[in-house]
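Novice: One structure coming up, written as structure tokens, with questions to follow.
The values are calculated or read from the model by the stated rules, or taken from the named source; none is laboratory data. This structure is a prediction, so every number in the text was calculated from the model and none was measured. Cβ sites come from the backbone with ideal geometry, for glycine too, and all protein chains shown count toward neighbours. Just the protein is used for accessible areas: all its heavy atoms, side chains included, with ligands, DNA and RNA removed. Shrake-Rupley method; radii C 1.70, N 1.55, O 1.52, S 1.80 Å.
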Amino acid sequence: AAYFDDITRIGKVENELVNDIGYNFKYDWMREGLPSTPFVTLDFMREVVNIAGRLGIYPDDLMAVMAFESWFNPREKNTVGGTATGLIQINELSAGEIGITTSELAEMNAIEQLEYVYRYYEPYAEKINNLGDLYMATFCKRGIGEDDNYPLYETGSRGYDWNSGLDGNKDGVITRGEALQAVLDRRKEYE
């Protein structure tokens, strides 16, 4: 809990959550009418605060990544290609590295899956300094610690083909900043 002492407490979440865990989210993650509504509960948010504290990251940042990747749906499957599944779209290779399969992840509820979200990020915790680094740990690990102009994928690569919608200026290169902007745009839906 001491990690969160420096965070401005201006969130919109119910007093019950603030009093229970001592963290006031800056965004209304329980907002009605969004695809995330059935998955984000007080218990889920408490566990997010728990694992964010263990990782040394801001809970709102972790929530933003999950909102973008899956709308908090633990059964969400990648629709473009590949095997990515769940809250942060863990692929089969990464799932194996944390001792599980994507099929097993898809059978878990959102709270159960958070433990594997923690296991996924734990090896990168020391390198994650901001939302951009957290998202790069999720999307393209070589972008961790880089600036927003860093090129992640270019036309002709599978990474670009699968994520071409992130190329905001349509110049054939997805930069770290463009990828992060998509996460920021999703987060705005919770203001």
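Novice: Between L93, L131, L105, which gets the highest mean-square fluctuation from a Gaussian network model of the chain, Cα cutoff 10 Å?
Specialist: Among L93, L131, L105, the largest GNM mean-square fluctuation belongs to L93.
Novice: By a straight-distance test (C-alpha under 12 Å), which aspartates and glutamates pair with K170 as possible cross-link partners, with residues fewer than eight away in the same chain excluded?
Specialist: E154, E178
Novice: Based on alpha-carbon centroids, what's the gap between the stretch 68-102 and the stretch 130-163 in Å, whole number please?
Specialist: 17 Å
Novice: Moving to a separate point now. Using a simple charge model, +1 on the beta-carbon of Lys and Arg, -1 on the beta-carbon of Asp and Glu, nothing else, what dipole does the stretch 84-191 show about its Cα centre, in debye to the nearest 20?
Specialist: 120 debye
Novice: Also, quick follow-up: Would you mind giving the average projected area, over all directions, of the Cα convex hull of the stretch 66-143 in nm² with one decimal?
Specialist: Taking a quarter of the hull surface, the average projection is 4.9 nm².
Novice: Carbon-plus-sulfur fraction of the accessible area of the stretch 47-191, 1.4 Å probe, in percent?
Specialist: 44 percent
Novice: Of L184, Q89, G165, which is farthest towards the positive pole of the stretch 69-191's charge dipole, taken about the Cα centre with +1 and -1 on the beta-carbons of Lys, Arg and Asp, Glu respectively?
Specialist: Of the candidates, G165 comes out farthest on the positive side.
Novice: Here's a follow-up. In Å, the Kirkwood hydrodynamic radius of the stretch 20-129 over pairs of distinct alpha carbons?
Specialist: Evaluated on the stretch 20-129, it is 14.1 Å.
Novice: To continue, here is another question. Taking the Cα centre of the stretch 30-81 as the origin and placing charges on Cβ (Lys, Arg +1; Asp, Glu -1), which of V80, M66, P38 is farthest toward the positive end of the dipole?
Specialist: Result: V80.
Novice: Size of the chain along its principal axes in angstrom, Cα-based, largest extent first?
Specialist: 51, 35, 34
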